[in-house]
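Below you'll find the structure, written out as C-alpha coordinates, and then a few comments.
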Amino acid sequence: MKVTETKLKGCFILEPIKYGDSRGYFFESFNDKTFRSLTGTETNFVQDNQSFSSKGVLRGLHAQSGENAQAKLVRVLSGTVLDVAVDVRPNSPTFGEYIAVELSEENNLQLFIPRGFLHGFVVLSDTATFFYKCDNFYNKESECGIHPFDSTVGVDWQLPEEELILSDKDKEAPSFKEVFSANI
(Lines give C-alpha, C1' and ligand atoms only; values in the text may rest on other atoms or scores of the structure.)
Protein backbone atom coordinates (compact mmCIF):
# COMPACT_ATOMS: atom_id res chain seq x y z
CA MET A 1 0.00 0.00 0.00
CA LYS A 2 1.23 3.46 -0.89
CA VAL A 3 0.37 6.23 1.60
CA THR A 4 0.63 9.97 0.91
CA GLU A 5 0.00 12.62 3.55
CA THR A 6 -1.98 15.58 2.23
CA LYS A 7 -1.40 19.25 3.00
CA LEU A 8 -3.77 18.76 5.96
CA LYS A 9 -1.73 17.01 8.63
CA GLY A 10 -3.21 13.65 9.53
CA CYS A 11 -5.21 13.24 6.30
CA PHE A 12 -3.77 10.47 4.17
CA ILE A 13 -4.47 9.15 0.68
CA LEU A 14 -4.13 5.38 0.60
CA GLU A 15 -3.48 3.55 -2.65
CA PRO A 16 -3.67 -0.23 -2.46
CA ILE A 17 -1.50 -2.55 -4.50
CA LYS A 18 -3.80 -4.23 -7.00
CA TYR A 19 -3.02 -7.71 -8.30
CA GLY A 20 -4.79 -8.71 -11.51
CA ASP A 21 -4.89 -11.53 -13.98
CA SER A 22 -7.32 -13.04 -16.48
CA ARG A 23 -9.71 -13.92 -13.63
CA GLY A 24 -10.02 -10.36 -12.32
CA TYR A 25 -8.17 -8.63 -9.50
CA PHE A 26 -7.46 -8.67 -5.77
CA PHE A 27 -6.32 -5.99 -3.36
CA GLU A 28 -6.18 -5.58 0.38
CA SER A 29 -8.40 -2.59 1.14
CA PHE A 30 -7.37 -2.31 4.79
CA ASN A 31 -4.79 -3.87 7.06
CA ASP A 32 -4.51 -2.32 10.52
CA LYS A 33 -0.86 -3.28 10.99
CA THR A 34 0.15 -1.78 7.63
CA PHE A 35 -1.99 1.32 8.20
CA ARG A 36 -0.40 2.00 11.61
CA SER A 37 3.08 1.39 10.25
CA LEU A 38 2.72 3.72 7.26
CA THR A 39 0.75 6.54 8.90
CA GLY A 40 1.82 6.41 12.54
CA THR A 41 -1.89 6.58 13.32
CA GLU A 42 -3.65 4.25 15.70
CA THR A 43 -7.36 3.83 15.21
CA ASN A 44 -9.95 1.24 16.01
CA PHE A 45 -12.77 1.18 13.48
CA VAL A 46 -16.11 0.22 15.07
CA GLN A 47 -18.73 1.02 12.42
CA ASP A 48 -18.99 0.64 8.63
CA ASN A 49 -21.42 2.74 6.57
CA GLN A 50 -22.45 2.62 2.93
CA SER A 51 -24.53 4.93 0.75
CA PHE A 52 -25.78 4.90 -2.83
CA SER A 53 -26.38 8.18 -4.66
CA SER A 54 -26.96 9.51 -8.16
CA LYS A 55 -25.04 12.18 -10.07
CA GLY A 56 -25.03 15.58 -8.41
CA VAL A 57 -25.94 14.35 -4.93
CA LEU A 58 -23.85 16.31 -2.45
CA ARG A 59 -23.61 14.96 1.10
CA GLY A 60 -21.86 17.25 3.56
CA LEU A 61 -20.15 19.04 5.08
CA HIS A 62 -20.64 17.07 8.31
CA ALA A 63 -18.86 15.90 11.46
CA GLN A 64 -19.55 14.48 14.88
CA SER A 65 -18.43 16.76 17.72
CA GLY A 66 -16.95 16.30 21.19
CA GLU A 67 -16.52 12.83 22.61
CA ASN A 68 -18.45 11.46 19.61
CA ALA A 69 -15.99 12.80 17.02
CA GLN A 70 -15.12 10.30 14.30
CA ALA A 71 -12.13 9.49 12.15
CA LYS A 72 -13.13 7.97 8.80
CA LEU A 73 -11.56 5.85 6.11
CA VAL A 74 -13.59 6.46 2.95
CA ARG A 75 -13.67 4.82 -0.48
CA VAL A 76 -15.87 4.28 -3.51
CA LEU A 77 -17.08 0.81 -4.48
CA SER A 78 -18.70 1.91 -7.76
CA GLY A 79 -18.72 5.19 -9.64
CA THR A 80 -16.74 8.37 -8.92
CA VAL A 81 -17.00 11.04 -6.23
CA LEU A 82 -15.14 14.16 -5.27
CA ASP A 83 -14.39 13.68 -1.58
CA VAL A 84 -13.73 16.72 0.61
CA ALA A 85 -12.23 17.14 4.08
CA VAL A 86 -12.15 20.52 5.88
CA ASP A 87 -9.78 21.07 8.82
CA VAL A 88 -11.70 22.47 11.80
CA ARG A 89 -9.13 21.67 14.50
CA PRO A 90 -8.96 24.93 16.51
CA ASN A 91 -5.16 25.22 16.78
CA SER A 92 -4.26 23.78 13.40
CA PRO A 93 -2.17 25.91 11.00
CA THR A 94 -4.51 24.72 8.22
CA PHE A 95 -7.75 25.55 10.10
CA GLY A 96 -10.52 26.26 7.59
CA GLU A 97 -8.61 24.80 4.63
CA TYR A 98 -9.82 21.84 2.61
CA ILE A 99 -8.58 19.09 0.34
CA ALA A 100 -10.54 17.43 -2.45
CA VAL A 101 -9.67 13.97 -3.77
CA GLU A 102 -11.36 12.09 -6.59
CA LEU A 103 -12.19 8.58 -5.42
CA SER A 104 -13.41 5.99 -7.89
CA GLU A 105 -13.85 2.31 -8.52
CA GLU A 106 -11.03 2.64 -11.09
CA ASN A 107 -8.36 4.29 -8.93
CA ASN A 108 -9.32 2.47 -5.68
CA LEU A 109 -7.95 5.39 -3.66
CA GLN A 110 -9.06 5.82 -0.07
CA LEU A 111 -8.92 8.89 2.12
CA PHE A 112 -8.26 8.73 5.84
CA ILE A 113 -9.83 11.70 7.62
CA PRO A 114 -8.89 12.09 11.29
CA ARG A 115 -11.11 13.49 14.01
CA GLY A 116 -11.47 17.28 13.81
CA PHE A 117 -12.51 17.48 10.17
CA LEU A 118 -15.74 18.17 8.34
CA HIS A 119 -16.41 15.70 5.56
CA GLY A 120 -18.52 15.63 2.42
CA PHE A 121 -18.64 14.32 -1.12
CA VAL A 122 -20.40 14.90 -4.42
CA VAL A 123 -21.19 12.19 -6.98
CA LEU A 124 -19.55 12.90 -10.34
CA SER A 125 -20.63 9.71 -12.16
CA ASP A 126 -24.18 8.59 -13.01
CA THR A 127 -24.33 6.75 -9.66
CA ALA A 128 -21.89 5.88 -6.89
CA THR A 129 -21.69 3.51 -3.96
CA PHE A 130 -19.70 5.12 -1.15
CA PHE A 131 -18.28 3.12 1.77
CA TYR A 132 -16.56 4.26 4.95
CA LYS A 133 -15.25 3.01 8.25
CA CYS A 134 -15.64 5.07 11.45
CA ASP A 135 -13.68 4.88 14.69
CA ASN A 136 -16.64 5.96 16.83
CA PHE A 137 -20.34 5.23 16.83
CA TYR A 138 -22.81 7.66 15.28
CA ASN A 139 -24.61 9.93 17.75
CA LYS A 140 -27.41 12.14 16.37
CA GLU A 141 -27.05 14.73 19.17
CA SER A 142 -23.40 15.27 18.21
CA GLU A 143 -24.03 16.12 14.56
CA CYS A 144 -22.54 19.35 13.32
CA GLY A 145 -21.79 20.82 9.95
CA ILE A 146 -21.73 23.82 7.68
CA HIS A 147 -23.41 24.76 4.44
CA PRO A 148 -21.54 23.08 1.56
CA PHE A 149 -21.46 26.31 -0.47
CA ASP A 150 -20.00 28.39 2.37
CA SER A 151 -17.78 31.09 0.86
CA THR A 152 -15.29 31.09 3.76
CA VAL A 153 -14.20 27.56 2.85
CA GLY A 154 -14.98 27.92 -0.87
CA VAL A 155 -15.08 24.27 -1.95
CA ASP A 156 -15.02 23.74 -5.71
CA TRP A 157 -17.49 20.87 -6.10
CA GLN A 158 -16.64 20.54 -9.84
CA LEU A 159 -20.31 20.63 -10.90
CA PRO A 160 -22.54 23.68 -11.40
CA GLU A 161 -24.38 24.59 -8.20
CA GLU A 162 -27.75 24.32 -9.92
CA GLU A 163 -27.03 20.65 -10.74
CA LEU A 164 -26.28 19.70 -7.13
CA ILE A 165 -28.83 17.88 -5.00
CA LEU A 166 -28.77 18.61 -1.26
CA SER A 167 -30.81 17.35 1.67
CA ASP A 168 -33.00 19.87 3.47
CA LYS A 169 -30.61 19.61 6.44
CA ASP A 170 -27.65 20.62 4.26
CA LYS A 171 -29.60 23.44 2.56
CA GLU A 172 -30.33 24.90 6.01
CA ALA A 173 -26.87 24.31 7.51
CA PRO A 174 -25.17 27.27 9.18
CA SER A 175 -22.16 29.13 7.82
CA PHE A 176 -18.57 28.38 8.76
CA LYS A 177 -18.39 31.65 10.71
CA GLU A 178 -21.57 30.84 12.68
CA VAL A 179 -20.20 27.47 13.79
CA PHE A 180 -16.51 28.30 14.22
CA SER A 181 -16.48 32.06 15.00
CA ALA A 182 -14.60 31.49 18.28
CA ASN A 183 -11.69 30.00 16.30
CA ILE A 184 -11.47 32.58 13.48
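The values are calculated or read from the model by the stated rules, or taken from the named source; none is laboratory data. Nothing here was measured: the structure is a model prediction, and the numbers come from that model. Here the Cβ positions follow ideal geometry from the backbone for every residue, glycine too, while neighbour counts run over all protein chains shown.
Summary of computed values
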| item | result |
| --- | --- |
| Residue identified as over 16 Å from the mean Cα position of the chain (by Cα) and free of Cβ contacts under 8 Å to residues at least 40 places away in the same chain among 142, 92, 181 | 181 |
| Meets criteria (part of a loop (DSSP other than H, G, I, E, B), farther than 25 Å from residue 178 by Cα and at pLDDT 95 or above) for residue 45 | yes |
| Residues of the range 118-164 that turn out to be assigned to a strand (DSSP E or B) and of a type in the set (Gly, Ala, Ser), as a count | 3 |
| Top-ranked residue of the range 118-131 - restricted to ones that are aromatic (Phe, Trp, Tyr) and in contact with a Phe, Trp or Tyr (Cβ under 9 Å, 6 or more places away or on another chain), ranked as nearest to residue 176 (Cα to Cα) | 121 |
| Residue match in the range 125-136 (condition: without any contact (Cβ under 8 Å) to a residue 40 or more places away in the chain, touching a strand residue (DSSP E or B) at 6+ places or on another chain (Cβ under 8 Å) and of a type outside the set (Val, Ile, Thr)) | no |
| Near pairs, Cβ below 7 angstrom, 6+ apart or cross-chain, from the range 97-113 (in contact (Cβ under 8 Å) with a residue 24 or more places away in the chain and assigned to a loop (DSSP other than H, G, I, E, B)) to any residue that is surrounded by 18 or more Cβ atoms within 10 Å (Cβ to Cβ) and charged (D, E, K, R) | 97/87 |
| Residue 2 vs. criteria among the basic types (Lys, Arg) and in contact with a Leu (Cβ under 8 Å, 6 or more places away or on another chain) | yes |
| Close pairs (9 angstrom Cβ cut-off, 6 or more residues apart or separate chains): in contact (Cβ under 8 Å) with a residue 40 or more places away in the chain in the range 29-51, surrounded by 12 or more Cβ atoms within 10 Å (Cβ to Cβ) and among the acidic types (Asp, Glu) anywhere | 39/5; 43/135; 44/135; 45/135; 46/135; 47/135 |
| Which listed residue is more than 25 Å from residue 68 (Cα to Cα) and of a type in the set (D, E, K, R), from 170, 156 | 156 |
| Output for the range 1-26, where each listed residue is surrounded by fewer than 12 Cβ atoms within 10 Å (Cβ to Cβ) and not in a strand (DSSP E or B) | 7, 17, 22, 23 |
